[in-house]
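Worksheet: the structure to be examined is printed underneath.
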Amino acid sequence: GARQQTELCNESLMLEKLPACGKSFEEMMKKVDSKKWCNLTEFIMYYDNFTQCTEREANNASCFWPNPLAEGFITGIHKQFFSNCTSEDVHWEDPPDEILITLILIPVMLTCAMITLVVWCSKRSDIL
């Protein structure tokens with residue numbers, strides 16, 4: 001059989017080429033108001049281009065993607081552009097008692113009504 005020849009990852013070449021992806025992303029992000037940097041829909045195409053660029057450069061250097069070095073570079077870009085985008089912790093609280101009681105009682109009452117209907121119909125099977 002044919003032997004598969006594998007090339008070693010040229011990490012220095014990859015690290016040399018990745019900043020061009022970052023520079024291109026930075027240029028594209030200048031088109032977006034910085035107040036909208038936390039809204040992914042505003043720059044999703046730019047981010048997709050950035051991701052494809054990092055993947056292409058990693059592959060051109062015979063490296064798999066993602067890899068720790070590429071991830072480190074991508075993390076640096078994230079820190080540069082998205083460090084102020086914090087996910088807000090959602091504070092869950094119970095609804096008021098009146099609503100909570102209603103939400104509990106409706107299924108309980110429906111279940112009781114269905115059971116009653118089934119039992120009543122099974123006793124009256126001679127009519128059906």
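Name the single residue that is modelled with the highest pLDDT among those in segment 66-97 being among the polar types (S, T, N, Q) and open to solvent by 70 Å² or more (accessible area, probe 1.4 Å).
In this case the residue turns out to be Q80.
Select from segment 18-38 the residues that are farther than 19 Å from Q52 by Cα and in contact (Cβ under 8 Å) with a residue 40 or more places away in the chain and write down the one among them that is farthest from the chain's Cα centre (by Cα).
W37
Counting just the residues of segment 9-65 that are part of a loop (DSSP other than H, G, I, E, B) and more than 28 Å from N84 (Cα to Cα), which one comes out most open to solvent (accessible area, probe 1.4 Å)? So that I can check it myself, show each step before the final result.
Taking segment 9-65 as the starting set, the residues that turn out to be part of a loop (DSSP other than H, G, I, E, B) are 9-10, 30-33, 37-39, 43, 61-65.
With more than 28 Å from N84 (Cα to Cα) added as a condition, the list becomes 9-10, 61-64.
Numbers: C9: 57, N10: 68, A61: 2, S62: 42, C63: 7, F64: 139 Å².
Checked segment 9-65; the qualifying residue most open to solvent (accessible area, probe 1.4 Å) is F64.
The values are calculated or read from the model by the stated rules, or taken from the named source; none is laboratory data. Keep in mind that what you see is a predicted model, and the values were worked out from it rather than measured. Note that we place each Cβ from the backbone using ideal geometry, even for glycine, and neighbour counts take in every protein chain shown. The area values use the complete protein model at the heavy-atom level, side chains included, leaving out ligands, DNA and RNA. Shrake-Rupley method; radii C 1.70, N 1.55, O 1.52, S 1.80 Å.
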